[in-house]
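Asker: Below you will find the structure I want to go over with you.
The values are calculated or read from the model by the stated rules, or taken from the named source; none is laboratory data. Computed from a predicted structure; not experimentally measured. Every residue, glycine among them, receives a Cβ derived from its backbone with ideal geometry; neighbour counts consider all protein chains shown.
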Amino acid sequence: MPTLRNRTSALFAGLLALLPLAAPASQPSVATLDADARSGGNRKEIAEKIGDLVFAVEWPAQVMKIVANAADGSLVVGVKVSGVKFHQPLSRAEFGHEMATLAADIFAAENRVTEVDIWAAVPLDVGKGVIVSGDLATPTTRSVFTASILRGESEAALEARFRSGRGIYWDEEWVRTTLNGAR
């Protein structure tokens, strides 16, 4: 004669057999985690979508943040890049090529993007006890490179613009000391 314990075990086993087994949850990729943590703007879902692609690549100059903002029919993506601690040495030409490729990849990833703004920043030594947030904040970074790229500008035209410096801000001291001084 089955005991209460055996009947309970059989009943529990029968109930388990009726329940669909849930598939084990897959772990998000590092790129997806980075995209979630390092994206922002009023169209964060677009920044995350682009971030999934951008953060899956180890760029020589590290991408720090991606923001997507929509206003007045335009969708602008901003990309902050580290101006220090590159994954490999870079010349000015190589840095410019990387930024042109990054912009082209963003335009290809999301056809609604009308402009990509890229800037590289370096940290500033502000010292101890200095206010770094709020109305009296002292800046903690300095921009050393900025570029605005409109959709439709070819990668070749953009690279030519980077070489000539037309419409691109290059901090010449940063170029000389950080980008191997190469033109």
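Asker: More than 18 Å from the chain's Cα centre (by Cα), of a type outside the set (Lys, Arg) and closer than 29 Å to residue 176 by Cβ: is that true of residue 79 in this structure?
Answerer: When the stated conditions are applied, residue 79 does not pass them.
Asker: Moving on to the next point. I'd like to know if the range 14-27 contains one or more residues that are of a type in the set (Ser, Thr, Tyr), surrounded by fewer than 19 Cβ atoms within 10 Å (Cβ to Cβ) and at pLDDT 90 or above.
Answerer: no
Asker: Could you tell me which of the residues 130, 175 is more than 23 Å from the chain's Cα centre (by Cα) and over 22 Å from residue 66 (Cβ atoms)?
Answerer: On the way: 175 fails: more than 23 Å from the chain's Cα centre (by Cα).
Just a single option satisfies the conditions, and that option is 130.
Asker: Tally time: how many residues in the range 36-47 are buried (at least 16 other Cβ atoms within 10 Å of the Cβ) and out of contact with any Lys or Arg (no Cβ under 8 Å at 6 or more places or on another chain)?
Answerer: Adding up the residues that qualify gives 4.
Asker: Pick from the range 48-93 the residues that are in a helix (DSSP H, G or I) and in contact with a Lys or Arg (Cβ under 8 Å, 6 or more places away or on another chain): which of them is farthest from residue 104 (Cα to Cα)? Give the derivation first.
Answerer: Of the residues in the range 48-93, the ones in a helix (DSSP H, G or I) are 48-54, 92-93.
After this cut, where a residue has to be in contact with a Lys or Arg (Cβ under 8 Å, 6 or more places away or on another chain) as well, the list is 51, 92-93.
Values: 51: 14, 92: 18, 93: 16 Å.
Step by step, filter the range 48-93, then rank; the result is 92.
Asker: Taking interchain pairs and intrachain pairs at least six residues apart, which have beta carbon atoms under 6 angstrom, with the first residue in the range 29-43 and free of Cβ contacts under 8 Å to residues at least 40 places away in the same chain and the second of a type outside the set (D, E, K, R) and assigned to a strand (DSSP E or B)?
Answerer: 39/66; 40/67; 41/67; 41/68; 41/69; 42/69; 43/68; 43/70
Asker: Inspect all residues belonging to the range 101-111 and state whether any of them is among the small types (Gly, Ala, Ser), under 25 Å from residue 71 (Cα atoms), surrounded by 13 or more Cβ atoms within 10 Å (Cβ to Cβ) and out of contact with any strand residue (DSSP E or B) (no Cβ under 7 Å at 6 or more places or on another chain).
Answerer: yes
Asker: Within the range 124-136, does at least one residue satisfy the condition of being in contact with a strand residue (DSSP E or B) (Cβ under 7 Å, 6 or more places away or on another chain) and either among the hydrophobic types (A, V, I, L, M, F, W, C) or buried (at least 16 other Cβ atoms within 10 Å of the Cβ) (or both)? So that I can check it myself, show each step before the final result.
Answerer: Pass one, the range 124-136, residues in contact with a strand residue (DSSP E or B) (Cβ under 7 Å, 6 or more places away or on another chain): 124.
Of the ones still in play, those that are also either among the hydrophobic types (A, V, I, L, M, F, W, C) or buried (at least 16 other Cβ atoms within 10 Å of the Cβ) (or both) are 124.
Yes: one or more hits.
Asker: State whether one or more residues within the range 67-79 are under 21 Å from residue 144 (Cα atoms), touching a strand residue (DSSP E or B) at 6+ places or on another chain (Cβ under 6 Å), touching a residue at least 24 places away in the same chain (Cβ under 8 Å) and among the small types (Gly, Ala, Ser).
Answerer: yes
Asker: Go through the range 103-152 residue by residue and tally those that are of a type in the set (Val, Ile, Thr) and not in a loop (DSSP other than H, G, I, E, B). Spell out the reasoning first.
Answerer: Pass one, the range 103-152, residues of a type in the set (Val, Ile, Thr): 106, 113-114, 116, 118, 122, 126, 130-132, 138, 140-141, 144, 146, 149.
Then keep just the ones that are not in a loop (DSSP other than H, G, I, E, B); that gives 106, 116, 118, 122, 141, 144, 146, 149.
Qualifying residue count for the region: 8.
Asker: Specify the residue that is surrounded by the fewest Cβ atoms within 10 Å (Cβ to Cβ); the eligible residues are those in the range 61-93 that are of a type outside the set (A, V, I, L, M) and more than 21 Å from residue 142 (Cα to Cα).
Answerer: Of everything passing the filter in the range 61-93, 72 is surrounded by the fewest Cβ atoms within 10 Å (Cβ to Cβ).
Asker: If I go through the range 140-156 residue by residue, how many of them are farther than 17 Å from residue 78 by Cα and either surrounded by 12 or more Cβ atoms within 10 Å (Cβ to Cβ) or in contact (Cβ under 8 Å) with a residue 40 or more places away in the chain (or both)?
Answerer: Adding up the residues that qualify gives 2.
Asker: How many of the residues making up the range 32-83 are modelled with pLDDT under 90 and under 18 Å from residue 103 (Cβ atoms)?
Answerer: Going residue by residue through the range 32-83, those that are modelled with pLDDT under 90 are 32-38.
Subsequent filtering for residues that are under 18 Å from residue 103 (Cβ atoms) retains 35, 38.
Within the range 32-83, residues that are modelled with pLDDT under 90 and under 18 Å from residue 103 (Cβ atoms) number 2.
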